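Accompanying notes for the structure given below.
The values are calculated or read from the model by the stated rules, or taken from the named source; none is laboratory data. Keep in mind that this is a model prediction, so the values were computed, not measured. Here Cβ is always computed from backbone atoms with ideal geometry, including for glycine, and neighbour counts include all displayed protein chains. Note: areas computed on protein heavy atoms with side chains; ligands, DNA, RNA excluded. Shrake-Rupley method; radii C 1.70, N 1.55, O 1.52, S 1.80 Å.
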Amino acid sequence: MRALLCPASLKGVLTARAAAAALARGVRRAGGEAVELPVADGGEGTADVLHGALGGMWHVAVVSDPLGRPVPARWLELPDGRAVVEAAAAIGLPLLTPAERDPLVASSRGLGELVQAALARSPSGLLIGLGGSATVDGGVGLREVVRALPVPTTVLCDVRTTLADAARLFGPQKGASPEGVAVLERRLAELQVLAPYAGLDGAGAAGGLGAALAALGAELVPGAPAVLDLVGFDDVVRDADVVAAGEGQVDRTTAEGKAPGVVAERSGAAGVRCIVFGGHVVAPIAGAETVSLSGDPTRAEVDLEELGERVART
């Protein structure tokens, strides 16, 4: 039995690669063959997933965090010369304490600095992952630093949100009050440079950074399908007997473009059985077997090892 293991990260608990490794231990313990192929959608951990599948060289730059403080941020140089930059590495929400979260003052400047650090190495292209940011500034901070994108740039969007919905949907989780959301909506609407791109799918990703990067000439694409293409999922799934995918919480959004949902969709198209797990399952995934784990973060690795054993034995 050959199991293809394609988890996304369990945010705040396990990285995608750690989750895949735990599943693999269970599969092998039960006598199955495990192929680890962790996935991502453009948010936190995307560069790590690509490094695991494709290799490359890590670089570190000191940039501004969302509040302007210096923070070391990694970016990845792929073997083909493209640079992979994550918004979360420079301006991610986990860089702030809950008390510090305030998108009315948080700036995307640090992502601009990280992009510039990558551009200084003369890459053949840029892959910019959006997701997990603490900002809703429409890329104002980024555009203070980045005035042009001199190489082909692809933006991996973790959501399809347009610019008008960005503040309402994501402002509260980044610390905005209802009154603050109204201020953020007004600020985004007043950014005339973004107006031609406001309706694009992904324009509202990372608090409007999608629109800002589109205005600089970047192409916005759904992150999960792009990552699956980059790691060669369609080629590997053909040889699998079963696929296991999942994330921390499986809900309606999982089937609307998140990595486990795309894995389930492509597995079904290839005629391969797919199991989707979640620490919590709010809504099952059509066409896949949906499995709920204990939901206890301290048991996450044990849960996944046990799931791997069950996968190998069925």
### Task
Exactly one condition in (1) closer than 13 Å to LEU10 by Cα; (2) open to solvent by 40 Å² or more (accessible area, probe 1.4 Å) is not met by VAL302; state its number.
(1)
### Query
Of the conditions (1) closer than 19 Å to GLY217 by Cβ; (2) among the small types (Gly, Ala, Ser); (3) in contact with a helix residue (DSSP H, G or I) (Cβ under 9 Å, 6 or more places away or on another chain), ALA134 fails just one. Which one is it?
(1)
### Task
Looking at (1) open to solvent by less than 30 Å² (accessible area, probe 1.4 Å); (2) at positive phi; (3) in contact (Cβ under 8 Å) with a residue 60 or more places away in the chain, find the lone condition where GLY31 falls short.
(1)
### Task
With the checklist (1) in a loop (DSSP other than H, G, I, E, B); (2) more than 30 Å from VAL183 (Cβ to Cβ); (3) open to solvent by 20 Å² or more (accessible area, probe 1.4 Å) in hand, flag the one item ARG25 doesn't pass.
(1)
## Note on the structure
GLU185: passes all of (1) of a type in the set (Asp, Glu); (2) part of a helix (DSSP H, G or I); (3) closer than 27 Å to ARG266 by Cα but (3)
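Only one of LEU54, LEU4 is of a type in the set (A, V, I, L, M), crowded, with 24+ Cβ neighbours inside 10 Å and in contact (Cβ under 8 Å) with a residue 40 or more places away in the chain. Can you tell me which? Write out each step before concluding.
On the way: LEU54 fails: crowded, with 24+ Cβ neighbours inside 10 Å.
Sole residue among the options that is of a type in the set (A, V, I, L, M), crowded, with 24+ Cβ neighbours inside 10 Å and in contact (Cβ under 8 Å) with a residue 40 or more places away in the chain: LEU4.
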### Query
Going by the conditions given, is ALA312 in contact with an Asp or Glu (Cβ under 7 Å, 6 or more places away or on another chain), open to solvent by less than 50 Å² (accessible area, probe 1.4 Å) and modelled with pLDDT under 95?
no
### Query
Restricting region 275-299 to residues that are of a type in the set (D, E, K, R) and either at pLDDT 95 or above or more than 21 Å from GLU33 (Cα to Cα) (or both), which is most open to solvent (accessible area, probe 1.4 Å)?
ARG299
### Message
Restricting to region 31-78, name every residue that is of a type in the set (A, V, I, L, M, F, W, C), assigned to a loop (DSSP other than H, G, I, E, B) and farther than 24 Å from GLY210 by Cβ.
### Response
LEU37
## Note on the structure
Among helices (runs of 4 or more DSSP H) completely within region 193-297, the ones holding 3 or more residues that are at positive phi and touching a strand residue (DSSP E or B) at 6+ places or on another chain (Cβ under 7 Å) are none
### Task
Would you tally the residues in region 105-146 being assigned to a loop (DSSP other than H, G, I, E, B), open to solvent by 30 Å² or more (accessible area, probe 1.4 Å) and of a type in the set (A, V, I, L, M, F, W, C)?
2
